[in-house]
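The values are calculated or read from the model by the stated rules, or taken from the named source; none is laboratory data. The shown structure was predicted, so the numbers you read here are calculated from the model rather than taken from an experiment. Cβ sites come from the backbone with ideal geometry, for glycine too, and all protein chains shown count toward neighbours. Surface areas here come from the heavy atoms of the whole protein model, side chains and all, with no ligands, DNA or RNA. Shrake-Rupley method; radii C 1.70, N 1.55, O 1.52, S 1.80 Å.
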Amino acid sequence: MKQALVLFVLVLGLLQAGKALVGPDTVLQAVFGAIAAMSLMISATFLWLWRERATPLALGMSFSWLGAGLSSGWWWIYDLRGRPAWDYRDDGALAVLGLFVVGAVLHFAVIHRSFGRHGASFLWPVLTALALSAGTLVVVRSL
């Protein structure tokens, strides 16, 4: 944990230095592109681990990291192109978000089984998150 915190502080310092040198837009563009590439590599690694049957969470991790990589890549390309008409409302964005949802559902299913439980009750965190998000949206839009 200590190493992770030190690494986080170091990365934040480097990002702030980059922001001071080249500006926030350039730093954000560079980081979004790098995150997209790293996420896709991590996703491929977890897909390989799933194929090797190394861990039951591997497929969920692969979907989650694929969703992260494609989301970051989507925003990266979107900004690089000057925010064109095919923005986040495009069906492609929904497919990318679907990868995140599948990854989360697979994670909850594995966690559920690790507690020795069976059935569909693993869906309660997913449905709770959706209800919380939808409720927040209704409240914010009504203000």
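Please state which of the following conditions L28 fails to meet, knowing it meets all the rest: (1) at pLDDT 90 or above; (2) closer than 22 Å to Y78 by Cα.
(1)
From the set of residues in segment 62-78 that are open to solvent by 50 Å² or more (accessible area, probe 1.4 Å) and under 21 Å from I111 (Cβ atoms), which is nearest to the chain's Cα centre (by Cα)?
W65
So, of the residues in segment 91-143 that are within 17 Å of the chain's Cα centre (by Cα) and among the aromatic types (F, W, Y), which turns out to be modelled with the highest pLDDT?
Applying the filter and picking the extreme gives F108.
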